[in-house]
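Shown next, in structure tokens, is the structure this report addresses.
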Amino acid sequence: MKFLLKSREKLGYKLLNKKVAKVQRHKSYHNIESAKTIGVLFDSTIQANYFSARRFISYLTELGKNVSALGMVINEEMLRYYTPCENIKLFSLEKLNFWCFPNNQEVDLFINKDFDILINICTSENLSADYVLGLSISKFKVSIKYKQNDFSDFALEFKDGRIPETDDLIDKIKLYLTSIKKSDK
């Protein structure tokens, strides 16, 4: 069964790469200061990541940004463990289609929002996060540098290729997106 899932996931990545090549979006660089709308993609299969994401979303909201977030959970039952929030939507990884893509209306709505910045704070590569990041029409996509697929415009890489904790990744994103100035040219 695990082999079948891995082979379907491999085929899913091939199909995703073809779909990403067809995505039409208006790319433009934004930093925290220039962005008005920000999307946050996160993995809440580990509860600590959910709380890290909530703190990051609060930080961005306090800066006056319009923030929407999308998180993934392992199964439908886990949805009951998280407090509902207006600007945070969750989807279950047990509801995937044949190609291992998320089969959820919230995911489709999120992908089609034209955020100034889409920030992926998932620390490990997975097809569901790559699906959202790759197909998003956001103007500027920020993520960790993955080994296999990179659908971001700005990828953060850590020393020795180590995988950071979610809070470490968020701190780096804050550092870079507040330090780098947007050119008016």
In the range 60-73, which residues are of a type outside the set (Gly, Ala, Ser) and surrounded by fewer than 14 Cβ atoms within 10 Å (Cβ to Cβ)? 61, 62, 63
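Condition (residue is of a type in the set (A, V, I, L, M), in a loop (DSSP other than H, G, I, E, B) and at pLDDT below 95) applied to the range 104-127: is it met by at least one residue?
First, pick out the residues of the range 104-127 that are of a type in the set (A, V, I, L, M): 107, 109, 111, 117-119, 121, 127.
Still in the list and also in a loop (DSSP other than H, G, I, E, B): 121.
Pick out the ones that are also at pLDDT below 95 and you get none.
There is no residue in the range 104-127 that is of a type in the set (A, V, I, L, M), in a loop (DSSP other than H, G, I, E, B) and at pLDDT below 95.
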Filter the range 132-154 for residues that are of a type in the set (Phe, Trp, Tyr) and in contact with a strand residue (DSSP E or B) (Cβ under 6 Å, 6 or more places away or on another chain); the one that is modelled with the highest pLDDT is 140
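Listed here are the residues, each with its yes/no results for (1) farther than 23 Å from residue 178 by Cβ; (2) free of Cβ contacts under 8 Å to residues at least 40 places away in the same chain.
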site	(1), (2)
15	yes, no
23	yes, no
33	no, no
38	no, no
42	no, no
47	yes, yes
58	no, yes
Checked the range 151-173 for anything free of Cβ contacts under 8 Å to residues at least 40 places away in the same chain, in a loop (DSSP other than H, G, I, E, B) and more than 12 Å from the chain's Cα centre (by Cα); matches are 157, 158, 162
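For residue 178, state whether it is surrounded by fewer than 15 Cβ atoms within 10 Å (Cβ to Cβ), over 25 Å from residue 24 (Cα atoms), in contact (Cβ under 8 Å) with a residue 40 or more places away in the chain and not acidic (Asp, Glu). Write out each step before concluding.
Details: surrounded by fewer than 15 Cβ atoms within 10 Å (Cβ to Cβ): yes; over 25 Å from residue 24 (Cα atoms): yes; in contact (Cβ under 8 Å) with a residue 40 or more places away in the chain: yes; not acidic (Asp, Glu): yes.
Criteria met by residue 178.
The values are calculated or read from the model by the stated rules, or taken from the named source; none is laboratory data. Please read all numbers here as calculations on a predicted model, not as lab measurements. Cβ coordinates were reconstructed from backbone atoms using ideal geometry, including for glycine residues, and neighbour counts include every protein chain displayed.
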